[in-house]
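Asker: Sharing a structure here in structure tokens format.
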Amino acid sequence: LARSLRRVRRPRDLAPIVLAFYLTGYALITLNNYLSSSFILGMALSFAFQLVARPLFGAATDTIGPTLRRLSYVLAVLFLLVFLFTFYLYAPALQVVSLLQSVGTQLLLLLLDVEATATAEPFQAVTAGWVSLPIYLLVSLANWVLLAVSALIWLLITWRWWRRPDPDRPLHELLLWAFYGAFAFQGAVSILVDVSGAIAGNLQHRTFPTFAMLAAPLVGWWFIGTRRSRPGGRLVRPLAAVAIGLLAVLSALKATNEPLVSNKWTFFVPAEQYALTWADEALAGRLLWTGYDERLVAGPGIRRLGGPPWHVRQDIYAVDPATADFLISDVNRQRGRRLGQPLPVTGDALIIYDNGPAQILHRRPQTPFQR
């Protein structure tokens with residue numbers, strides 16, 4: 001997009017860039033309808049920020065004008081692609097539209113305090129997914145540092161440009177300023193929508209990646225542009241390197257759902273794989289409880305890609321009343337203690353499979369008609 005907004009002497013040099021952009025845009029729309037629509041909305045908001053930049057910063061009309069015209073064409077085409085995909089090409093995408101119908105009412109209830117309503121807690125996934133809230137804040141420290149530093153830099157840039165208007169300011173600086181402000185505003189509005197309960201789906205968590213794509217280059221551009229004017233460069237660089245290294249380690253703990261700090265475990269052990277393989281042969285067509293979430297459905301399922309489908313029906317989360325068999329492993333026991341949830345089977349159950357770290361228990365029949 002940035003390349004296509006620059007002045008190109010020959011149209012044949014611009015055509016491949018424009019084609020690649022629209023193909024990528026359509027790929028994003030088909031991959032994730034919500035993410036693409038929010039991203040395009042952020043671009044539309046940047047259009048408004050660029051309109052503000054002309055009188056506020058004294059930006060030259062010959063610089064902003066062609067950019068706004070091109071951006072208006074881009075937005076029109078992208079919104080048309082979203083409309084066609086949502087209403088004609090992919091019917092399930094209409095579910096997003098049905099969710100958006102109550103946003104206005106919920107925001108009015110929030111802002112005007114007209115009525116107290118019981119809404120879902122949008123941040124419950126944060127507190128339930130990690131050992132504690134301080135641990136979550138620690139492993140997410142890179143996000144919070146990026147958020148705070150980029151916001152301060154953007155406000156400082158806005159203040160400086162307003163104090164010293166420059167009609168010759170480079171286009172890429174204006175674009176970065178406008179896009180950052182637009183996506184930051186979108187993130188702030190998404191928090192209001194979450195708190196209102198209109199859409200209980202952690203919108204601000206899902207819009208943060210698009211915001212971070214602008215926050216990271218803004219911070220990098222600022223530090224590169226001011227590195228010569230900062231005193232104590234010999235001391236700052238080693239400290240910055242150590243800080244970035246620590247943030248990288250903490251981010252790796254978050255990205256991998258490290259079991260020491262995360263309640264969302266994503267690993268499985270070979271004994272559980274052996275138990276599932278036995279159950280797939282011996283308990284074909286029956287329900288088997290495999291855990292408190294999809295851990296043993298997703299992990300072994302990935303290894304099974306391209307192979308035959310499962311013959312045993314896996315039961316997860318709340319126990320189905322028809323389930324009589326349960327995979328109880330050392331990992332599931334530890335997971336239950338971490339979550340504070342008891343095992344879904346009593347101690348008098350029959351052991352029908354045991355390899356040491358993993359057993360399959362069969363609920364003892366209570367009536368002559370049960371198996």
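Asker: Could you pull out every residue, at least 5 positions away or on a different chain, whose amide H is within less than 5 Å of the one on Arg169? Hs are placed 1.01 Å off N in the peptide plane, and Pro or chain starts have none.
Answerer: Amide H neighbours of Arg169, under 5 Å, 5+ apart: Ala60.
Asker: Something else about it: Could you go through segment 352-357 in sequence order and give the Karplus-derived ³J(HN,Hα) for each residue, using 6.51 cos²θ - 1.76 cosθ + 1.60 with θ = phi - 60°, rounded to whole Hz, and x for Gly and Pro?
Answerer: Each residue of segment 352-357 in turn: 9, 8, 7, 10, x, x Hz.
Asker: Report the antiparallel proportion of the DSSP beta bridges in segment 253-371 as a percent, rounded to a multiple of 5.
Answerer: Working: 9 of 15 bridges.
Within segment 253-371, antiparallel bridges account for around 60 percent of the total.
Asker: Step through the residues of segment 263-276 one at a time and calculate ³J(HN,Hα) from phi using the Karplus curve (6.51 cos²θ - 1.76 cosθ + 1.60, θ = phi - 60°), rounding each to whole Hz and writing x for Gly and Pro.
Answerer: Couplings: 8, 9, 7, 10, 10, 8, 9, x, 4, 5, 5, 5, 5, 5 Hz.
Asker: Would you grab the residues whose amide H sits under 5 Å from the one on Trp130? Only those 5+ places off in sequence or on another chain, please, with H modelled 1.01 Å from N.
Answerer: Asn263
Asker: Using θ = phi - 60° and the Karplus form 6.51 cos²θ - 1.76 cosθ + 1.60, what ³J(HN,Hα) does each residue of segment 358-365 get, whole Hz, x for Gly and Pro?
Answerer: 9, 10, 10, 9, 10, 4, 5, x
Asker: Assign one of three labels to segment 251-340, namely rounded, prolate or oblate, based on the Cα gyration tensor with a ≥ b ≥ c the square roots of its eigenvalues; rounded applies when a/c is under 1.5, prolate when it is not and a/b is larger than b/c, and oblate otherwise. Let's see the in-between values first.
Answerer: Working: a/c = 2.23, a/b = 1.45, b/c = 1.54.
Oblate.
Values in this text are rule-based calculations from the coordinates and carry no lab data. These numbers come from a predicted model, not from an experiment.
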